[in-house]
Amino acid sequence: MSPKEPIPPFELSPDDPRIGAVEPPPGARPAGEELDPALPVAADTAELIPAPPVGRRQRGIGFWLKLSLALLVVTVLVGQFVLWVRDLMDASPWLAGPLGILSIVAVGSGTVLAWRGMQRWRSLDQRAEIRAEIERLAGSELHGSAARRLEEISALIRPVPGVPQALARYERQASDALADGERIELYERMVLNELDEQAVRIVGMGARDIAVLTAVTPTGLLDALVVLTRTFAMLQRLAGLYGVPPGRLTVLRLLRLSFRNAALAGAADVLAHATTEHLGASFMSILSAKAGQGAGNALLAGRLGLQAIRLLRPLPFVTKRPPRLIDLRGMLGFDPAMPFDLKLPGSRAGTPDRQAERR
Amino acid sequence: MRFGGSIFTAIGDELDGLRRGLTDLATGMVRDRTRFAITGLRRSGKTVLTTCLAHHLLEPSGLPFLSVVAENRLDATRLVPLRDLPPFPLEEAVAGLARETPTWPQPTDRLSGLAIEILYRTGHRLGRLIDPTRRHFIEIVDYPGEWLLDLPLLEHDFRTFSAHALALAERPIRQPAAAEWQELLKGVDPQAPGNPALEARLAEAYRAYLHACQEELGLSFIQPGRFVDRSKIADEELIRFCPLPLSSAPLPYDSLGARFERRFERYRDELVKPFYRDNFSRFDRQIVLVDLLTALNRGPDHFEDVQESLATVVRSFRYGSGSILTNWLTPKIDRLVFAATKADHIAPSQHAAMKQLLEIMIAPSSRHTRFAGAPHEVLAVAALRSTDVVRTELHGQVLSCLKGRLVETGQETVLFPGELPPDLPEPHDWTSGRFRFRDFAPRRLPRGRNGAASHIRLDQLLEAAVGDRLT
Ligand SMILES: Nc1nc2c(ncn2[C@@H]2O[C@H](COP(=O)(O)OP(=O)(O)OP(=O)(O)O)[C@@H](O)[C@H]2O)c(=O)[nH]1
Ligand SMILES: [Mg+2]
């Protein structure tokens, strides 16, 4: 293994002071052992990591333009404010004093809030980093850093209901003889499987709600509103499920990233519900156009939800494949792969959507 | 292509599920039992593995990598006797391992078997509709490892057997042990009429040579196996022969050569053939156990000897993935696992190297099975883990040491077991004293629900061997 000479076997006397403790046997680890959740990823592994779906992009000229404009505006505003306070000071010191203090307080608390927002904002990046790291370790037969990484993940998701029990089960079953790859596999099976099942249910239910609601709303504007709010709520629940603090900013970012990834996965897929309008002339008109739209909206929401799962999950999908639209079938009330590919107009294509309407 | 990827994979999945459902339905009658060929030379860990497999399956805990267990689909398991075979002494073996100071089971001296009936729920969506609860029998046969090398005799006649055995005795490592028998052979003419006294002397000399090979030299390639094993043979005459230097001239009926030839054929047809026909021809999954560490301890000649023995043994099985019907009529092994046993004798960090080395060692065997169309998997396992890992800091290095009770001394100790090369050892590796793996006494077999730390990859072994039958 090492380039040096192998160390020959030797025996130690049992009371040798150099002997460490027995590796913690499974289950003996204290349950609440917390780790710094923001542990940085080793820099030297950067090349090995496949480009994470979230994270910093190349900064183009546009970015610098925006940044400099923003800085310009901020400087002008601050300068204006300072000048104004100074003028006020000359005119009436009584007013200027409290005003100055107030503004300092405002700036201070604003900074704190922004910092927190940034932190939350980073939680998705952090997931991506851990995912990339785990991806690298998956399938490895060595005894490397997987145990430590998985403990980081455990610390992240421990607040989620049901997870502590699953973690305890995992700890009981993970023997110290397991190599990195095996450990990750076991963790995925024993801890994340349950979460994934719940997540798919959340997406399915969310999509179904959207289908039903948009099928009965009278106007397009209301449709849009329903889709937006329900999708938002769905993503919020998903974030909570995977232990990401579901702040508004985070969820918005999640929405945007999910949308982007769904679009990358197949631009046409996302626009599927737009195509219902095109198809309207052929067979959608035969159905209730509204129900068709409902189904389209549901599909969109379903896609976004599934992408969100990938973005939120602290582990990449190692032993199983990511959930797909098909998995939502039972919950949606229609087969998500069916409605737009069936070129047959009429009877059979109609039923699934009517079902959706009925629910 | 609007729905390109998704719909086609979806349809593919559905078809796959349907196909599986149908084959399940069609083979529901047929595929409800898996007969394991636990194949291992002597002392390779067959009995311990059988005991631990049965023990863990009967109290299904600590098997997180076995899908039926992990997916919570296992309803019940129980031990059932195997038709036509004496029962495996499971209780005795388990009791021995669960004692205050546990002991390893005695070397096996007879054929025995057990079956475990597993009641489980299927995970297939379609299968669930048809018949949600199913049962599967896992059958295991245990036998003395010596018998294994008798199987290749089925392919031999007396001439080829003699030629092969004589060539083997010329090898430098065996030659000293064979000297006496070879000396005796010099004065013997196979064409001359035989007489019982000479025959007995020859057979005894050959037996002594084989015995020395096995007990003193620790070699594995011992043929015929019943010359050295501990079980009693009903008809002593069956083992009153030995290989002879034969010319191509025909042997007169009453000559020594002809008499030996007839005994060899009786041995082959009356002892080996029934053993093969009744037990070995019905296997459909194989677990090949290799005691890699002992082979390394003993040196390059032994390493090769084990390698050769395995390759020879493997050629006695039928492999391939035939159709459902042909498989039913003449079962073939359609999947194998090669397992390096006693993985607890080295630190877990060495398991990757162990696996790699095993892969190289079994290459002559796996080439045969792969060509026959049976895929294999390689694992480092310990049926009963007898050591703990302790990290020890020495000379600024952190070493993974093992803590356990040594067989020789019976004392608890901590030792650094040494490292495995991930490749075939170089000549100087053999002489540098780096291979001195020690035997540990067993730790108590756990009772109840905390089994995962008491074995190494037993569950992965099971999953690789029958996981697909329990879906
Ligand atoms: N540490 C450890 N030692 C083992 C393990 N399995 C087998 N051994 C050792 O290997 C020896 C032989 O094991 P058995 O199971 O009796 O071997 P076998 O293949 O049945 O041998 P025969 O009956 O002679 O053919 C045992 O006495 C143990 O010393 C294991 O999982 N861990
Ligand atoms: Mg045995």
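The values are calculated or read from the model by the stated rules, or taken from the named source; none is laboratory data. Predicted model, so just to flag it, every value in this text is computed and none were measured. With ideal geometry, Cβ positions are generated from the backbone for all residues, glycine too; neighbour counts draw on all protein chains shown.
Summary table
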item	result
Inter-residue pairs, beta-carbon under 7 Å, first closer than 22 Å to B:Arg385 by Cβ and within 14 Å of chain A (Cβ to nearest Cβ) and in the stretch B:97-115, second within 14 Å of ligand 2 (Cβ to nearest atom) and in a loop (DSSP other than H, G, I, E, B), 6+ apart	none
Members of the stretch B:428-471 found to be in a loop (DSSP other than H, G, I, E, B) and within 11 Å of chain A (Cβ to nearest Cβ), listed by number	B:Ser432, B:Gly433, B:Arg434, B:Phe435, B:Arg436, B:Phe437, B:Arg438, B:Arg449, B:Asn450, B:His455, B:Arg457
Selection from the stretch B:386-396 of residues that are closer than 30 Å to B:Ala54 by Cα and facing another protein chain (nearest Cβ under 7 Å)	B:Asp388, B:Val389, B:Val390
Candidates B:Leu244, B:Leu310, B:Leu293, B:Leu271, filtered to the one that is more than 16 Å from ligand 2 (Cβ to nearest atom), within 14 Å of chain A (Cβ to nearest Cβ) and either at pLDDT 90 or above or surrounded by fewer than 22 Cβ atoms within 10 Å (Cβ to Cβ) (or both)	B:Leu293
Single residue of the stretch B:41-51 satisfying the filter (near ligand 1 (Cβ under 7 Å from one of its atoms) and in a helix (DSSP H, G or I)) that is nearest to B:His302 (Cα to Cα)	B:Lys46
Subset of the stretch B:54-81 (residues that are within 16 Å of ligand 2 (Cβ to nearest atom) and either farther than 13 Å from B:Gly113 by Cα or out of contact with any strand residue (DSSP E or B) (no Cβ under 8 Å at 6 or more places or on another chain) (or both))	B:His55
Tally, over the stretch B:397-427, of residues that are basic (Lys, Arg) and facing chain A (nearest Cβ under 8 Å)	1
Any pair with Cβ under 7 angstrom, 6 or more apart, that starts in the stretch B:33-60 at a residue that is more than 22 Å from B:His376 (Cβ to Cβ) and ends at one that is in a strand (DSSP E or B) and within 11 Å of ligand 1 (Cβ to nearest atom)	B:Thr47/B:Asp142
Residues that are away from chain B (no Cβ under 12 Å) and either surrounded by fewer than 20 Cβ atoms within 10 Å (Cβ to Cβ) or outside any helix (DSSP H, G or I) (or both), drawn from the stretch A:167-199	A:Ala168, A:Gln198
The lone exception for B:Glu204 - which of (1) surrounded by fewer than 22 Cβ atoms within 10 Å (Cβ to Cβ); (2) not in a helix (DSSP H, G or I) it fails	(2)
Conditions (1) surrounded by fewer than 18 Cβ atoms within 10 Å (Cβ to Cβ); (2) at the interface with chain B (Cβ under 10 Å from one of its Cβ atoms); (3) closer than 24 Å to A:Arg310 by Cα: number failed by A:Glu141	(3)
So A:Thr214, is it polar (S, T, N, Q), in a helix (DSSP H, G or I) and within 16 Å of the chain's Cα centre (by Cα)	no
Test for B:Leu82: is it in a loop (DSSP other than H, G, I, E, B), within 14 Å of chain A (Cβ to nearest Cβ) and touching a residue at least 24 places away in the same chain (Cβ under 8 Å)	no
Hey, B:Asp109 surrounded by fewer than 20 Cβ atoms within 10 Å (Cβ to Cβ), over 20 Å from B:Leu458 (Cβ atoms), assigned by TED's automatic domain parsing to the domain that holds B:Leu461 and not hydroxyl-bearing (Ser, Thr, Tyr) or not	yes
Cross-chain or 6+ apart pairs with Cβ under 7 Å, the stretch B:353-380 first and buried (at least 21 other Cβ atoms within 10 Å of the Cβ), then aromatic (Phe, Trp, Tyr) and modelled with pLDDT under 90	B:Thr369/B:Tyr319; B:Ala374/B:Tyr319
Lone qualifier among B:Ala177, B:Ala192 - being among the small types (Gly, Ala, Ser) and at pLDDT 90 or above	B:Ala177
For B:Ala93: the one exception among (1) surrounded by fewer than 20 Cβ atoms within 10 Å (Cβ to Cβ); (2) among the aliphatic types (A, V, I, L, M); (3) closer than 27 Å to B:Leu57 by Cβ	(1)
Flag for B:Pro172 being more than 14 Å from ligand 1 (Cβ to nearest atom), assigned to a helix (DSSP H, G or I) and in the same structural domain as B:Ile222 (by TED's automatic domain parsing)	no
Checklist (1) away from ligand 2 (no atom under 15 Å from the Cβ); (2) assigned to a loop (DSSP other than H, G, I, E, B); (3) among the β-branched types (Val, Ile, Thr) applied to B:Ile138, failing item	(2)
Selected residue (criterion: farthest from ligand 2 (Cβ to nearest atom)) from residues of the stretch B:116-128 that are aliphatic (A, V, I, L, M) and touching a residue at least 60 places away in the same chain (Cβ under 8 Å)	B:Leu126
Failed condition for B:Ile138, given (1) among the β-branched types (Val, Ile, Thr); (2) buried (at least 16 other Cβ atoms within 10 Å of the Cβ); (3) modelled with pLDDT under 90	(3)
Identity of the residue in the stretch B:92-112, over 18 Å from the mean Cα position of the chain (by Cα) and assigned to a loop (DSSP other than H, G, I, E, B), that ends up nearest to ligand 1 (Cβ to nearest atom)	B:Thr103
Residue list for the stretch B:418-471, filter: more than 25 Å from the chain's Cα centre (by Cα) and among the charged types (D, E, K, R)	B:Glu426, B:Asp429, B:Arg434, B:Arg447, B:Arg449
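Matching residues to (1) touching a His at 6+ places or on another chain (Cβ under 6 Å); (2) not charged (D, E, K, R):
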position	(1), (2)
B:Arg285	no, no
B:Leu296	no, yes
B:Pro331	no, yes
B:Ile346	no, yes
B:Ser349	yes, yes
B:Lys355	no, no
B:Ser366	yes, yes
